[in-house]
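Here is the structure we will look at.
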Amino acid sequence: QVQLVESGGGLVQPGGSLRLSCAASVGISSFINMGWYRQAPGKQRELVAVFGRDGSTNYADSVKGRFTISRDSAKNTVYLQMNSLKPEDTAVYFCNALGIRGGIYWGQGTQVTVSL
């Protein structure tokens, strides 16, 4: 059973930074892609940033230049460094992975709140 466990959310002021972590229970090289989504109240879940199996990355336009996705294969962990945070970044952030056999896995989510 694949498990994804997020950590690192919290309350931060506008302009601040947070780093989210997603630890997988299996080697992350076994995933086709792995990344982060977010869901704000009353809105649909949206892609934030994702790693492809070849190491390519894709970002939502709204976070380009502010967020950086990275990974540590030795720790089976993917990170999301979030800088210059804005109130509109407030959401529950979910780790997501797509397995090579088509399984889709989600973490439990971690709350990020950007507010004075």
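The values are calculated or read from the model by the stated rules, or taken from the named source; none is laboratory data. Computed from a predicted structure; not experimentally measured. Positions of Cβ are generated from backbone atoms using ideal geometry, with glycine treated the same way; all protein chains shown enter the neighbour counts. Protein only, heavy atoms only, side chains kept; ligands, DNA and RNA dropped before computing areas. Shrake-Rupley method; radii C 1.70, N 1.55, O 1.52, S 1.80 Å.
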(request) Would you check which residues across the range 52-71 are open to solvent by 60 Å² or more (accessible area, probe 1.4 Å), modelled with pLDDT of 95 or more and assigned to a loop (DSSP other than H, G, I, E, B) and list them? (result) 64, 65
(request) Kindly indicate whether any position in the range 86-97 is closer than 23 Å to residue 31 by Cα and not in a strand (DSSP E or B). (result) no
(request) Go through the range 101-116 and count every residue that is of a type outside the set (Gly, Ala, Ser), surrounded by fewer than 17 Cβ atoms within 10 Å (Cβ to Cβ) and either outside any strand (DSSP E or B) or touching a residue at least 24 places away in the same chain (Cβ under 8 Å) (or both). (result) 6
(request) Read through the list (1) more than 22 Å from residue 115 (Cβ to Cβ); (2) touching a strand residue (DSSP E or B) at 6+ places or on another chain (Cβ under 8 Å); (3) not in a loop (DSSP other than H, G, I, E, B), then give the number of the only condition that residue 74 fails. (result) (2)
(request) Identify the single condition in (1) surrounded by fewer than 15 Cβ atoms within 10 Å (Cβ to Cβ); (2) in a strand (DSSP E or B); (3) among the polar types (S, T, N, Q) that residue 1 does not satisfy, given that it satisfies every other one. (result) (2)
(request) Among the residues of the range 4-34, write down those that are surrounded by 14 or more Cβ atoms within 10 Å (Cβ to Cβ) and on the phi > 0 side of the Ramachandran plot. (result) 8
(message) Which count do you get for residues in the range 41-51 that are part of a loop (DSSP other than H, G, I, E, B) and either under 21 Å from residue 83 (Cα atoms) or in contact with a helix residue (DSSP H, G or I) (Cβ under 6 Å, 6 or more places away or on another chain) (or both)?
(response) 1
(request) Filter the range 75-100 down to the residues that are among the charged types (D, E, K, R) and open to solvent by 10 Å² or more (accessible area, probe 1.4 Å), then identify the one that is nearest to residue 2 (Cα to Cα). (result) 75
(request) Would you be able to say whether some residue in the range 37-46 is at pLDDT 95 or above, under 28 Å from residue 115 (Cα atoms) and open to solvent by less than 30 Å² (accessible area, probe 1.4 Å)? (result) yes
(request) Answer with yes or no whether residue 74 is of a type in the set (A, V, I, L, M, F, W, C) and without any contact (Cβ under 8 Å) to a residue 12 or more places away in the chain. (result) yes
(request) Give me a count of the residues in the range 13-40 that are under 17 Å from residue 87 (Cα atoms) and of a type outside the set (A, V, I, L, M). (result) 9
